[in-house]
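Accompanying notes for the structure given below.
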Amino acid sequence: MTGRVLVLGGTAEARQLAERLVVEGVDVLSSLAGRVADPVLPPGEVRVGGFGGTAGLAAALDGVAALVDATHPFAATITAHAAAAAANTGTPLLRLQRPGWAPQPGDNWRWVDSLADAAAAVAGSRVVLLTTGRQGLAAFAGLNGHCVVRSVDPPEPPLPARATVVLARGPFTVEDERALMTAHGVDVVVTKDSGGPMTAAKLTAARQLGVPVVLVRRPPLPGGVPVAATVEEAAAWVLRRWESGTTRPPATPRPR
């Protein structure tokens, strides 16, 4: 296998994978959507911005030996584009996606299929903590209760009429989450099933405080795409292809 590896990123796992592959001498190009104003950049070469749909991504795969989709579990559009572009160009594709969360004893969870369903589920609540990201808040614009909206960057309107915006970048500790919920008198938390330990503290805090949680299920993945649950599995998948190719990557990363 020759050529570079394109990592569709924006997640902690994508950064960790890029770091692991660069150390191994793999030519890595990481792609970020550009939706966060000051993202944490991975090692290696980085591009920022969209591709222009399936056709644009397929064109960008020229010279790419393997594609790893390590985007957020709810980035359904780019995941669909990656599957279609890889199939159209014959590019090996791997989906790197952390496992979803599983309830623990004492949790009070309600699963829903969409943000609109989540808004309906909390329509009668007094204070709602929204940790669903700054996009998609329009689904909650009609709520009458007070909404605490936490986001890395200022959220996009429309917002709920009674909203307090908390700008903060995680990861947060359980103590941080307990303090936030207690200070605002939160009586329900709404979040997406992002999975992983980095954003799970709010679930532990909600369990400790007896606060119910409304969780939005993940969108389904495209069929036929292999999935790795860990960075180690994804790195092994890539390195197996390097080792089986006709050219081994250089021992050190290429100067940039």
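The values are calculated or read from the model by the stated rules, or taken from the named source; none is laboratory data. Bear in mind that the values here come from a model prediction, so they are computed numbers and not experimental data. FYI the Cβ positions are ideal-geometry reconstructions off the backbone, even for glycines, and counts take in every protein chain you see. Just the protein is used for accessible areas: all its heavy atoms, side chains included, with ligands, DNA and RNA removed. Shrake-Rupley method; radii C 1.70, N 1.55, O 1.52, S 1.80 Å.
Overview of results
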{"read-out": "The chain: DSSP helices with Cα axial extent of at least 18 Å and average Kyte-Doolittle hydropathy no lower than 1.6", "value": "none"}
{"read-out": "Cα Rg, Dmax, the stretch 89-190, angstrom units", "value": "15.7, 53"}
{"read-out": "Kirkwood-based shape ratio for the stretch 1-136, expressed as Rg/Rh from alpha carbons", "value": "1.05"}
{"read-out": "Residue among Asp38, Asp117, Asp153 with the largest mean-square fluctuation in a Gaussian network model of the chain, springs linking Cα atoms under 10 Å", "value": "Asp38"}
{"read-out": "Accessible area expressed per residue, the stretch 1-122, with surrounding protein chains retained (probe 1.4 Å, Å²)", "value": "43"}
{"read-out": "Debye log10 I(q)/I(0) for the stretch 186-228, one point scatterer per Cα, at q = 0.33 Å⁻¹", "value": "-1.22"}
{"read-out": "Theoretical gain in end-to-end length, Leu41 to Ala55 [0.36 nm per residue, Cα-Cα removed]", "value": "2.5 nm"}
{"read-out": "Leu221/Ala87 FRET efficiency (R0 22 Å; Cβ-Cβ; nearest 0.05)", "value": "0.95"}
{"read-out": "Summed residue charge, Cβ within 15 Å of Pro222's Cβ, Lys/Arg positive, Asp/Glu negative", "value": "+1"}
{"read-out": "Whole-percent carbon and sulfur share, accessible surface of the stretch 1-136, 1.4 Å", "value": "51"}
{"read-out": "Shape category assigned to the stretch 124-256 from the gyration tensor of Cα positions, a/c cut at 1.5", "value": "prolate"}
{"read-out": "Fraction of accessible area attributable to carbon and sulfur, the stretch 149-240 (%, probe 1.4 Å)", "value": "59"}
